[in-house]
Every structure is written in structure tokens, then in C-alpha cells.
Amino acid sequence: MLLDHLQAKLDDLRAQSLTRFTRVAETGTAPRQIVRGADGLARELLMFCSNDYLGLAAHPEIAQALAEGAQIYGGGSGASPLVSGHSRAHHEVESQLADWFSPWIPNAKAIGFCTGYMANLAVVATLGDAQAEIFSETLNHASLIDGTRLAKATVTRYAHVDLEDLRARLAASTARIKLIVTDAVFSMDGDIAPLPGLLALAEAFDAWLIVDDAHGFGVLGASGAGAVEHFGLRSERLIVMGTLGKSAGLAGAFVVAHATITDYLLQAARNYIFSTASPPAVEHALLTSFSLIRGSQGQQRREQLTALQARLRQGMTALLDRHPALPWRLAPSSTPIQPLIIGGNAEVMALAAALEQKGLRVPGIRPPTVPKGEARLRVTLCATHTNDDVDRLLAALEDCA
Ligand code: PMP
């Protein structure tokens, strides 16, 4: 019965061109990777799909720090943080993050998690207790949405980047605790949330602003601290979640906020308390990653990303001008996430397959990840791409157009 039931669902997904599959990567990420295709053959692809925006995952100093961390600590952490899994390296990562974010968050303290998904579940579900109302942005990441599902709070959704809609909903609320929850950089669109306006609303309505900066940390701001640095915000009401598997090139996540908030998460966040701490060697290597992000190499890589973005947008705009009959649309993004909205599921998958034939991997993103009729190529840039790489993508898109 169960197998028939599931097979019918799988058949339905196939009929809608919504089947997903994993592919086997034989080498590390960014920007060229040996990948085994559905035909079982391994080939080198130029990747425009990694979130390793600074190209640090393949940085030799990170690999060396990981090896050194393994020499010091061995493999796994062996237990949850409150039992015995919290190493000196975990402690250092948290205290460096608290120090790094202190210009934007007074009384900042940080707490580490194994993944961003877990950190988002923790912060939203734990702070969103029965006395709270959560104001959740419509295009938030799935992990924030799942956090609201676990929370005991009332959940109200507000329209994408719509400050007036949010203001009206905050004004109508009688909740004692109000939590505004938003992505900083929207992962499938690449646009940046209007954080100064959101923070002003938080101040005006005695609310708190939870910011998921998975895609801004490392990329935005002079030191790479992300969206709060980019906008120069400063408030105790800021609760920032950042991931360490994207720009930081490793794995893990953190929440940085007023110390009372992180102290409470340590006491009450179930996925912090009941889950094995991340491998200490990863934390040890994160210390190297942080100094790369904050140092001159990080700065140069952020500048390179900005230049690549401009080149890609210019080329794509010219391409769309040459083909006015095409329904394709370039999303208004100023980040390394540069989506090209195509429309139908089958069309976007055919385009992604045609690009792969040309040796380029650009993933097609379909509903439910994005709205129906807005399937898209999600192009992501890395600082280790070259101008020639971008030109190769533009030429391949021109052929397909
Ligand atoms: N938030 C956003 C906006 C993300 O894009 C992601 C990862 N796709 C996450 C959270 C989850 O982070 P992690 O991959 O570390 O679980």
C-alpha cells in the first residue's frame, strides 16, 4: 500500500517535470568540478550553482587548517555541546563572532549550530513561544517557515519587502512579544530585504528583527559581516543567523544577538541541546576562514564578485534586448545570486540540460521552491570565476536563446 501510494506521487512529480535527483561530484567545489551525470559518465563542468561565494571551500589554507584540526581533536565531537562536545575551537568561533558583530549588535554573544537549517528552527521555534506573534516575510527560506511551524506563536505573513503591509500587521497586533523574521538576501531571487525600514518598524512597534543572512555573510559589508554591516545598522533588537557552509567555505551556522537571547537559546533550543556538536576540526578551520573573510583576501574576493556581477548583468541585459520575443526576465539582484526567470518547468529543465551539454552547470529551480510559472535558472557567482567564465555562460545562453 505504502509503496503504491509513494509511486503514484513519484509518477505525478515526473508528469509535472518536478522530479529531482542528486549527482555525484568527484572533486571539490568552485568553479570547475568533475561531476557524474545521469548517464554515469564523469565530466568537468563549469559550475554556476555553488554558494561558496568567496571560493574558500577550495582554499589551501582551509584544507590545511582542517587537517591541523583533525590532528588536534580527531574526528567527531562525540556529544552534544552541553555534555562534552563543546571544544576550545567551538568556544573561539563563538567569541570571535560576538566580537566581530559587536559594532552592530550591542551586548552581542554568539551560539553555534551544526547547520543553518537547525539554527533557524532553533531561533524561530524557541523565541516564538505562546506569547509571541511572528511576522514572517512571504519569500522566507524553508527552514524559517519550518521554524514557524514548530513555534507556539501566532504566525502572520507579510508581503515580500512590503514595509507598509508589515506596518499595518504590526499595528493590528496585541501580542506581548513581536518577532519580525526575514531572509537578508532572498535565496532564489538575490534581492536584499529593506533591513533599515524593517528595523525602524521593529523599534516603533517594540518588535525584534530576526535576520537570516545565509547569503550575505562573507559577501556583504566591508569586513564581510553581512547585511547588518552593509546597511550600518545598530540595535539590540537585531538577531542575526549566519551560515558557515556558504561563503565561509566549511559547515555550520551561528546566531548572534543580545546575550540574554543566546543564553536563553542555550537553555531551551531543543536542536542545540539534543544534537551532537559539529566536528571540532571544522570549527578550528572556521577560525582560518574568518581571518580570510575579514582580511585583504576577503576584501579582494568581494571586489571580484562585484565586478563579475556587473559583467554578467550587462551581458544578460544585452542578450534580452537582442531577443525581445523571449519571455525570459533578469531578476533585479545586486548580489552573487543572479536568477534568470524562464517560466515553465519543462522549459527551464530543457535549458539547464542544454547548458550542461555545453559543459556548464546552472540549476533549474522549480515550484514549490519558487512560485508556479516562475521557474528559473539560478546563476550564482563565485570570486574564483573569471571574466572568461562569465563570457562562456553568456555565449551559451545566446546559443540557447
Ligand atoms: N537560510 C537560507 C536563506 C538558505 O539558503 C539556507 C541554505 N540553503 C539555509 C538557511 C540553511 O543553511 P544550511 O545549508 O547551513 O543548513
Quiz prompt | Exposed-loop-free span, longest in the chain, where chymotrypsin sites (Phe, Trp or Tyr not before Pro) count as exposed if DSSP calls them loop and at most 12 other C-beta atoms lie within 10 Å | solution = 22-273
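Which whole number in µm²/s is D for the chain by Stokes-Einstein, with the Kirkwood Rh taken over Cα pairs at 4 °C and 1.567 mPa s? Provide the component values of the computation, followed by the final result.
Details: Rh = 22.1 Å.
D, rounded to a whole number, is 59 µm²/s.
Give me Ser247, Ser187 ranked fewest to most by other Cβ atoms within 10 Å of their Cβ, as a rough exposure proxy.
Numbers: Ser247 34, Ser187 22.
Placing the least packed residue first, the sequence is Ser187, Ser247.
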Quiz item: Using the Cα gyration tensor of the range 279-350, with a ≥ b ≥ c the square roots of its eigenvalues, what is the shape: rounded (a/c below 1.5), prolate (a/b larger than b/c) or oblate (neither)?
Solution: oblate
Quiz item: Amide H neighbours of Arg157 under 5 Å, counting only residues 5+ apart in sequence or on other chains, H built in-plane at 1.01 Å?
Solution: Ser136
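Give me the extension gain from Ala310 to Ser296: residue separation times 0.36 nm, minus the current Cα-Cα distance, reported in nm with one decimal. Please list the in-between numbers first.
Details: separation 14, 0.36 × 14 = 5.04 nm, distance 2.14 nm.
Extending this stretch completely gives an extra 2.9 nm.
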Quiz item: Which order results if Thr148, Thr386 are arranged by neighbouring Cβ count within 10 Å, fewest first?
Solution: Thr386, Thr148
Quiz prompt | Residue (of Thr174, Leu209, Met188) at the positive-pole extreme of the range 166-222, dipole from beta-carbon charges | solution = Thr174
Practice problem: Amide H neighbours of Leu360 under 5 Å, at least 5 residues apart or on other chains, H built in the peptide plane: list them. | Solution: Leu46
Quiz item: At q = 0.09 Å⁻¹, what is the log10 ratio I(q)/I(0) for the range 60-294, with the Debye formula run over Cα points and no solvent?
Solution: -0.34
Quiz prompt | Sorted by Cβ density within 10 Å, fewest first, the residues Lys9, Lys109 | solution = Lys9, Lys109
Exercise. Report, by chain and number, residues whose modeled amide H sits under 5 Å from the one on Trp208, excluding near sequence neighbours (fewer than 5 apart, same chain).
Key: Lys178, Leu179, Ile180
Quiz prompt | Per-residue ³J(HN,Hα) for the range 20-31, Karplus 6.51 cos²θ - 1.76 cosθ + 1.60, θ = phi - 60°, Hz, x for Gly and Pro | solution = 10, 8, 8, 10, 9, 8, 8, 9, x, 8, 6, x
Self-check item: For the range 206-277 versus the range 285-343, the gap between their alpha-carbon centres in whole angstrom
Solution: 23
Quiz item: If you plug each phi of the range 180-186 into the Karplus form 6.51 cos²θ - 1.76 cosθ + 1.60 with θ = phi - 60°, what whole-Hz ³J(HN,Hα) values come out, in order, with x for Gly and Pro?
Solution: 8, 10, 8, 5, 7, 10, 6
Quiz item: Using θ = phi - 60° and the Karplus curve 6.51 cos²θ - 1.76 cosθ + 1.60, what whole-Hz ³J(HN,Hα) does each residue of the range 333-350 get, with Gly and Pro shown as x?
Solution: 10, 10, 10, x, 8, 10, x, 10, 7, 9, x, x, 5, 5, 4, 5, 5, 5
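In the range 344-401, what trypsin sites (Lys or Arg not before Pro) fall in a loop by DSSP, with at most 13 other Cβ atoms inside 10 Å? Display every interim value, and only then the final one.
Working: sites: Lys358, Arg361, Lys372, Arg376, Arg378, Arg392; in loops: Lys358, Lys372.
Counting only loop positions with at most 13 other Cβ atoms within 10 Å, the trypsin sites (Lys or Arg not before Pro) in the range 344-401 are Lys372.
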Practice problem: Show that you can apply the helix-only estimate: for the chain, add -39,500 (n - 2.57) for every DSSP H stretch of four or more residues, divide by all residues, and state [θ] at 222 nm to the nearest 500. | Solution: -13000 deg cm²/dmol
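Throughout, read-outs are computed from the coordinates displayed, never taken from laboratory work. None of these values were measured; they are calculated from a predicted model. Every residue, glycine among them, receives a Cβ derived from its backbone with ideal geometry; neighbour counts consider all protein chains shown.
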